Ligand SMILES: [Zn+2]
Ligand SMILES: [Zn+2]
């Protein structure tokens with residue numbers, strides 16, 4: 001009995017993705033690739049299809065449209081990596097075909113891709129120091145995603161020894177002249193004990209989509225003892241001796257505004273202070289005021305150009321340039 005001719009075997013093919021997907025990619029990244037099927041005999045497989053199985057099981061069908069150097073490829077397609085970090089598995093299936101003189105075997109391949117959370121970095125700025133015990137103040141906390149995500153609306157925290165002491169929400173606009181540094185002004189209250197405070201600005205990454213790594217930035221500030229003494233300030237105009245009301249006065253970091261009689265009481269802890277007086281049209285300075293108990297001082301403020309006068313001078317200057 002004559003042997004029947006051997007059953008014809010289909011051509012074997014290899015399938016894959018071009019360019020090769022890196023072993024690790026960012027969560028939620030868009031990748032532009034072509035799917036390919038390569039027959040060892042270099043057959044042109046245009047018109048046949050490849051199925052792509054996403055990590056969530058969704059299947060999309062792509063036609064092979066190009067044939068270059070013995071490999072048949074699809075058009076460029078855009079795939080998005082999952083938002084959740086971890087290993088994601090993609091499937092690629094070539095169904096094969098038995099029609100026609102030449103047949104091609106089916107082929108399938110699974111590709112593992114390590115999906116990484118986005119790296120983030122935190123910066124904290126505008127931290128006043130020193131701050132009197134128990135005083136409310138604000139710091140700015142900014143967060144930047146390495147992939148430049150818009151992190152608007154996400155929460156930031158300030159923590160002291162792991163305990164949350166302030167919260168803020170990242171705003172819509174990045175800090176001027178930065179790329180993607182979204183920021184929040186976070187209100188906090190200084191500790192009740194004097195000394196050096198070591199706090200941190202925190203981005204937890206919780207609820208961020210796609211997944212983001214948490215990050216933090218430590219910051220320090222000095223906490224001053226509570227004011228125990230009183231600086232009774234009288235601010236006068238040097239030329240006339242008249243009281244200067246409504247002037248901003250600063251004794252170190254402690255602030256007040258003079259009343260109609262040119263007077264302001266500023267409670268401060270013991271120490272040595274620069275006293276500064278500022279108001280539109282006047283300025284005064286008293287360096288090195290030593291405070292060991294209640295003290296009364298007078299500061300004679302000198303006349304300086306008002307904002308209106310400076311504005312007028314600038315306009316005159318500009319007129320002279322162009323007139
Ligand atoms: Zn072939
Ligand atoms: Zn991001």
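Antiparallel DSSP bridges in the chain: what percent, to the nearest 5? If we restrict to bridges inside the chain, about 85 percent are antiparallel.
Angle between the Cα long axis of helix 307-322 and the longest principal axis of the chain, 0 to 90 degrees, nearest 10? Value to nearest ten degrees: 60. Shown is the FRET efficiency for residue 126 and residue 272, computed with R0 = 25 Å from the Cβ-Cβ distance and rounded to the nearest 0.05: 0.50. Each peptide among 249-256, 63-70, 78-85, 197-204 gets the average number of other Cβ atoms lying within 10 Å of its residues, and from highest to lowest they stand as 197-204, 249-256, 78-85, 63-70. Residue 102 to residue 173: extension gain in nm, 0.36 nm per residue of separation minus the Cα-Cα distance? Gain on stretching residue 102 to residue 173: 19.5 nm. Taking other C-beta atoms within 10 Å as the exposure proxy, 296, 121, 320 rank 320, 296, 121 from fewest upward. Relative to one another, the C-alpha centroids of segment 272-286 and segment 170-208 are positioned 32 Å apart. When each of 43, 149 is scored by the number of other beta-carbon atoms lying within 10 Å, the sequence from fewest to most is 43, 149. The overall shape of the chain, judged from the alpha-carbon gyration tensor, is prolate: a/c is not under 1.5, and a/b is greater than b/c.
Read-outs: derived from the displayed coordinates by stated rules, not from any lab. Nothing here was measured: the structure is a model prediction, and the numbers come from that model. A quick note on method: Cβ atoms are made from the backbone with ideal geometry, for glycine too, and the neighbour counts reach across all protein chains shown.
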